[in-house]
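The values are calculated or read from the model by the stated rules, or taken from the named source; none is laboratory data. Note that the structure is predicted; figures quoted are calculated from it, not measured. Cβ coordinates were reconstructed from backbone atoms using ideal geometry, including for glycine residues, and neighbour counts include every protein chain displayed.
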Ligand SMILES: [Fe+2]
């Protein structure tokens, strides 16, 4: 690691303000921040310097590993391709989401998820990766194999977050059966008759498995110090259940009511960055923008488009009244870092990790020009 690096003439996005100045990096940490024009070092020519983004829920790795039905890519190559897109999107810390509990939507197995987890672990240890990688286990509690699959990750210290989700028809994201039909009947190409049978099966699985697995998983996560997230909470009752189970992050609440109750209970409310950029939810739920306007939103996540994370921060500061760039950047840096207990990153401050991104805004799109992780250039 290089001993010293100076970044000059940058619009530095601090926690609550933007200043024009320079940053000194020493031994991978931020050693000094000073205001005014400097000379020498790396001249930013007025570009922005923001903290490296922190991503809690990306589903993006799966597509590299299983690019077509029944096609499988080498897991290490898949991790490298995913990592490259993550880093060039300005993300320096990422929780890669792996499925635990397979519903019909997945044509993958628990063993394959473990294989991807191993490819990440091995790649971290061999210093192949640009971003700092951890795991987020997406636990489909309605699936019969959820708890058993979770045990494939026993003793894996890379797991930082687990979300408890139930995608059976009639539940949460799919309270409305028409939305469910739109999503699954078309995707699985089922006749009306077969689709009805499918729904009955999924509802029976949820009735049998969801409550006991939710309880068992939340107990296990508390014991292991894994932060818990609820998923697609729709009602105050869902939020009350989440509080009882020690949930800390409310992922993708589907209604204003659930987001308000989560916020009031001190949960960190997370929404999708694609929802911000697209101007609404793809499944007809509450919009992230509405939550921001009510002051309920804490964290954004790129979900299925890595680049949406940085895009949403700049887009929001340009389009939402009362949201300055520093406010929007906190949603993708400091807040997600804090929610999983990482207090060494997510903000440009003396002593923090030099995880940094140089950005120039062009045609309203943030162009990621350079990325450093612990002072080392990775993009
Ligand atoms: Fe969902």
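Given the conditions (1) over 20 Å from the mean Cα position of the chain (by Cα); (2) in a helix (DSSP H, G or I); (3) more than 19 Å from residue 63 (Cβ to Cβ); (4) modelled with pLDDT under 90, and given that residue 173 satisfies all but one, which numbered condition is not satisfied?
The failed condition is (1).
Sort out which residues of the range 229-275 are within 14 Å of the chain's Cα centre (by Cα) and either under 28 Å from residue 318 (Cβ atoms) or surrounded by fewer than 23 Cβ atoms within 10 Å (Cβ to Cβ) (or both), and write them in order of number. Quick ask: steps written out before the conclusion?
First pass over the range 229-275, keeping only residues within 14 Å of the chain's Cα centre (by Cα): 229-231, 249-252, 268-275.
The answer is 249, 250, 251, 252, 268, 269, 270, 271, 272, 273, 274, 275.
Is it the case that the range 233-244 has a residue that's more than 15 Å from the ligand (Cβ to nearest atom) and farther than 18 Å from residue 171 by Cα?
Yes; the residues of the range 233-244 include at least one that is more than 15 Å from the ligand (Cβ to nearest atom) and farther than 18 Å from residue 171 by Cα.
Output yes when any residue across the range 218-226 is in a loop (DSSP other than H, G, I, E, B) and away from the ligand (no atom under 16 Å from the Cβ), and no when none is.
The answer is yes, given that some residue of the range 218-226 is in a loop (DSSP other than H, G, I, E, B) and away from the ligand (no atom under 16 Å from the Cβ).
Residues that are surrounded by fewer than 21 Cβ atoms within 10 Å (Cβ to Cβ): find the strands (runs of 3 or more DSSP E) completely inside the range 291-379 holding 3 or more of those.
Per the criteria, 356-362, 365-373.
Among the residues of the range 255-282, count how many are outside any helix (DSSP H, G or I), within 16 Å of the ligand (Cβ to nearest atom) and either under 17 Å from residue 161 (Cα atoms) or in contact with a helix residue (DSSP H, G or I) (Cβ under 6 Å, 6 or more places away or on another chain) (or both).
5
If you go through the range 254-307 one residue at a time, how many are closer than 23 Å to residue 362 by Cβ and touching a residue at least 40 places away in the same chain (Cβ under 8 Å)?
6
Inspect the range 152-163 for any residue being crowded, with 24+ Cβ neighbours inside 10 Å, within 27 Å of residue 199 (Cβ to Cβ), within 13 Å of the ligand (Cβ to nearest atom) and under 18 Å from the mean Cα position of the chain (by Cα) and give the result as yes or no.
Yes - at least one qualifying residue is present in the range 152-163.
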